[in-house]
Structure formats: C-alpha cells, structure tokens
Amino acid sequence: MMRYGLVCLLLAAMSWGQASSTSAPVAQQSGAPAGAAVNPADSKEAEAAKVAPDAPVITINGLCDNPPADKAADPNCKSVITRAEFEKILDAIQPNMPPRARRQFAMRYSSALVTAHKAHEMGLDQGPKFEDRMKLMRMQVLTQLFNQAVQDKAAQISDKDIEDYYTSKSADFEEADLQRIVVPRSQQLPASKVKLSATAQKKREKDAEEVMQKEADKLRARAVAGEDFAKLQNAAYALAALKAKPPTTKLEKMRRAALPPAQASVMDLKTGEVSTVFSDASGYTIYKVGAKDVEPLDKAKDEIKGALRTQRIQEQMKAVQEAGTPTLDEGYFGAEMGPGHGMPLPPPPSPSTKPASPGPK
C-alpha cells in the first residue's frame, strides 16, 4: 500500500510531461564526419543502452525492510533498483524522458522512497486520513488511465475511416485562390474645428459610415467590371483616410473553414465570379474567386486523422460526463454562477501516466 501511495504521490506532484532537455554546446567526436555535430543527449542514450536490464542503476544505502539498529554497520541494508525497474517507473511518469531529466527524477524518486519508508515506520500509512487520501489518489490514477485509453482507442483510425471522412466532407477540402477587398466601416474623421452637440456628432459619424457603405457597393461594381483588386483596395483606404498599409488582396488556397462563417458561401461561387458585399462590425468585404481545386486524399490524411481522433475523444468524454450529472445543494454550495465567475476548475490530469513502481527490496 505504501509503495502504491508513493507512485500516486509522484504522479500527482511531479509534472514530468513538461520536462525537456536543455541544449548544450556540442563537440566533435572521433569517428564522426568532419563538421558534424554530436548531440550530447544521443551520446548519453547510447551509453545508457549498454547497461544490462538487471544491472543496478540506483542503490540507496541504509534503506531496507526491518533495518538493524545500526544500519551503517550492515552492508546488506540497502535498496537496489535495476534499469528495468527504473524504466518501468519512467514509463508510468513520462515515456522517453530525456537523459538529464531522468537523473533529476532518480534523485527525487530516491528521496521520496526514503521519506515514504520513514513515514511507514512512523505508522503514517495507517488510519482514516491516509485511506481518504489514497482514495483520491486512486481516482486520479484511474482518470489518467481512462484518458489514455480513450486517446489510444481514438487513434486507431483505418484507411476506410479516412476515406469515408474525406468523401462525406469533400466540400471542406475544396481550395480556392481568392482576391479580397477590405472596406473600413467608417471614414477616419478629422477633429471638428467647432464643438459639436451630441446629436451633430452622431450625425457626422453616421454620414461617415454611409460614405463607406456606398463606396463598398461602387467598388464591387468596379470589381465585376474587371478592375484590379489592388487598385480598388487602395481606393477604399484612401477614401477612409487611413494611414495604415492596406491588407493584401491575394489569398491563396483558401478553404471554407479558413473564412469567417458568414463569408464561407464564397466557396460556392465559380471561378471569376465576384461575391456580394459582406458586412460585419469591422466593415465590408468583397471577394473574387480564382482557380479552384480539391486537396487530394493522400495530402489530407494526417489532417483527417487528427480531426477524427479529436472528434472521437470529445464524443467519448461527453458520453462519460453525461452518464453521471451532479446536482449540488445550493444551501451549501450557493447558487450556480455564470461563466467567468468563481474559482476555475482545475485542469484534468495528464492522460500519459500509468501506475507502476518497485519499492525498497
């Protein structure tokens, strides 16, 4: 029980998923091609691979079950962890942990073993307080294992799954080269030379917006007539009296999902057609459709795999959450607060952990 609790403690308290090796200066080694740099991490990996699985990699002197009164005088009072045992622990915390992080973890794990063993001698692994904490730790580990299982299952995507997704959502993979004119909603008005009333100021601003609205319609007509989009874009910014550089008019290989939802209908137009004037809070937008194509399946495979995996994970998590809906007593917890209020929920545990641990021998 104590050893299982130690693993849970490490899983909860140590964020090894974020561990990464720090780059260091590399040196030329004999036998390497001239000018080729040798990664120190690769060198350490190579050295570690030479260690036998049953070879001791951590030895903690003075840590043993039923230690004698004078542990220093007993050379057999020690705990030994082999390479195979240590790597099993690493697999529970973070597979493929970088060499530098492995050393740091080994020191902390050793310290935790010594501390946990002392706690066991003091009887701290007995009683309701310990059992309550172990229940919570067990829930955390089970949640992590469940998350990992869901991710592993969601990643099992067949070629047929990919083909079916591609066929059913073929419109999502349509690409088009677009030209675009962005028309500001209002002119940039200079400061009035006289103080205006609130009504007069409001009318002045409304007139400035109407000027740009009419200009957007004129620009569309000129676009339909075949005028250059860059020239039209410059005209829009000049009338708006904006000093900022106008946005580019050319958008290559755009997809429906890359456009604002209200403007996605542009993808339904034929090559050479000009869209209606789209209006939103920022202003007006006009498109002209250029060459259209569909991304081939072989290039879209990785994207589809990612989309299917995410979709399956979300569906599974939603089903689990809907399987049990909590009802909280408002007399105790208070009334439910809207989004953005109250204390944020803690993030879900990392799904990459698996419980396993050898303890003192």
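Scoring Asp280 on the criteria (1) closer than 30 Å to Glu303 by Cβ; (2) within 33 Å of the chain's Cα centre (by Cα); (3) crowded, with 17+ Cβ neighbours inside 10 Å leaves a single failure, condition (3).
I'm checking my understanding of the structure. Among residues of segment 171-199 that are among the small types (Gly, Ala, Ser) and surrounded by 12 or more Cβ atoms within 10 Å (Cβ to Cβ), which one is nearest to the chain's Cα centre (by Cα)? Filtering first and then ranking leaves Ala171. Just checking, does segment 214-230 include any residue being among the hydrophobic types (A, V, I, L, M, F, W, C), assigned by TED's automatic domain parsing to the domain that holds Gly290, assigned to a strand (DSSP E or B) and touching a residue at least 12 places away in the same chain (Cβ under 8 Å)? Among the residues of segment 214-230, not one is among the hydrophobic types (A, V, I, L, M, F, W, C), assigned by TED's automatic domain parsing to the domain that holds Gly290, assigned to a strand (DSSP E or B) and touching a residue at least 12 places away in the same chain (Cβ under 8 Å), which makes the answer no.
Sort out which residues of segment 158-211 are in a loop (DSSP other than H, G, I, E, B) and under 30 Å from Asp302 (Cα atoms), and write them in order of number.
Residues satisfying the conditions are Ser158, Lys169.
Just name the residue that is farthest from Lys250 (Cα to Cα) out of those in segment 153-181 that are of a type in the set (A, V, I, L, M, F, W, C) and touching a strand residue (DSSP E or B) at 6+ places or on another chain (Cβ under 6 Å). It comes out as Phe173. Quick one: would you say Ala92 is crowded, with 17+ Cβ neighbours inside 10 Å, at pLDDT 75 or above, in the same structural domain as Lys129 (by TED's automatic domain parsing) and in a helix (DSSP H, G or I)? Here the answer is yes, as Ala92 does meet what is asked.
Touching a helix residue (DSSP H, G or I) at 6+ places or on another chain (Cβ under 8 Å) and farther than 23 Å from Thr249 by Cβ - does that describe any residue in segment 205-220? No; the residues of segment 205-220 include none that is touching a helix residue (DSSP H, G or I) at 6+ places or on another chain (Cβ under 8 Å) and farther than 23 Å from Thr249 by Cβ. State yes or no: is Gly331 modelled with pLDDT under 90, out of contact with any Gly (no Cβ under 7 Å at 6 or more places or on another chain) and over 15 Å from Thr143 (Cα atoms)? No: the conditions fail for Gly331. Taking strands (runs of 3 or more DSSP E) as the structural unit, those lying wholly within segment 241-308 and holding at least 2 residues that are in contact (Cβ under 8 Å) with a residue 40 or more places away in the chain and among the charged types (D, E, K, R) correspond to 250-254, 283-294.
The values are calculated or read from the model by the stated rules, or taken from the named source; none is laboratory data. The structure presented is a predicted model; accordingly, all values stated were derived computationally and were not measured. Every residue, glycine among them, receives a Cβ derived from its backbone with ideal geometry; neighbour counts consider all protein chains shown.
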